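Have a look at the structure below, then the notes.
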Amino acid sequence: MNTFLYILIGVVITVVCWMIRRQRSLKLRAHLMQEAIRNRDFTFRLPTDGLLPGERAMQETLNQLGETIRQQMNRNEVESWERLTRVLTHEIMNATAPIASISQSMLDRNDVKGTPLEEGIRAIQATSQHLNIFVDSYRKLSLVAEPKIETVGLFTLISDIRQLYPDITWDMGNIAGDATVDADAGMLHQVLINLVKNALEAGARRIALSYDAEHRTLLVSNDGEPIPAEAIQSIFVPFFTTKRTGSGIGLSLSRRMMVGVGGNLSLPDHPVAGYHVTFALSFSK
């Protein structure tokens, strides 16, 4: 009887200790997710291994919820920029059209040609032309076609792009010949081209790609100049650029395309080892 009692007490103590550890573990998970949300990081993924069926279902739901919130925030951000783009395009066109027309009329007048007024009017006309070019950049953000989702072979697509840049050293990493993603082939091609062009403009000579099939994420890394810390938060903002001759629409347009197919384009906190910059392309599941 005493032996049975000791065994029973041992079992109870073991169960209590296990429950205490379990509750601490769940509390830590809740704290980590709370901190991620507070920092507006909805990419959190906590493991589901070792959880009870109900706990596993809850954790999977929370993981998916974070992904859903992230996608919705990205979509809202893109839609906000689209609305702003349409308004600014309309206002700039209304302003530049009469300026260009009147300045050209003035330059055609005989009493203006060869006078000090001509130089000033030509400066006005040149400014209006630059504004028109700026408007064309806005239009590029507004005229993205509806995506056509299909199964795209990653290896084939990237191999085609490699042919365009033979002077770069390419590392295909773990991308298998049968790796596929659900995306718009034309848009994905353009996004990768934009990333490669950005890398070249930053002095890159090596580009590496790796694919995480479980999380459906393609990492694109390069060894070009690192992105300045003060610019990291703004690189996806339309018309923001650190280049003297850049238009500032490449990355914002690329993100819009990725969001349009249910994915995202982001800049991880830490680049892949051996490279200075890494972009992450996530695809819908």
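Numbers for the structure displayed
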{"quantity": "Those residues of the stretch 192-228 which are in contact with a Leu (Cβ under 9 Å, 6 or more places away or on another chain), crowded, with 16+ Cβ neighbours inside 10 Å and of a type in the set (A, V, I, L, M, F, W, C), in sequence order", "calculated": "Leu192, Leu195, Val196, Ile207, Ala208, Leu209, Leu218, Leu219, Val220, Ile227"}
{"quantity": "Residues of the stretch 177-235 classified as within 19 Å of Val277 (Cα to Cα), without any contact (Cβ under 8 Å) to a residue 24 or more places away in the chain and out of contact with any Asp or Glu (no Cβ under 9 Å at 6 or more places or on another chain), total", "calculated": "7"}
{"quantity": "Failed condition for Val196, given (1) at pLDDT below 90; (2) in a helix (DSSP H, G or I)", "calculated": "(1)"}
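Rundown of residues vs (1) exposed (fewer than 13 other Cβ atoms within 10 Å of the Cβ); (2) farther than 20 Å from Gly263 by Cβ; (3) under 21 Å from the mean Cα position of the chain (by Cα); (4) among the aromatic types (Phe, Trp, Tyr), yes/no style:
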residue: Leu157; (1), (2), (3), (4): no, no, yes, no
residue: Thr169; (1), (2), (3), (4): yes, yes, no, no
residue: Asn174; (1), (2), (3), (4): yes, no, no, no
residue: Met187; (1), (2), (3), (4): no, no, yes, no
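The values are calculated or read from the model by the stated rules, or taken from the named source; none is laboratory data. Here the structure is a predicted model, which is why all the values come from computation and not from measurement. Every residue, glycine as well, gets a Cβ built from its backbone with ideal geometry; the counts of neighbours run over all protein chains shown.
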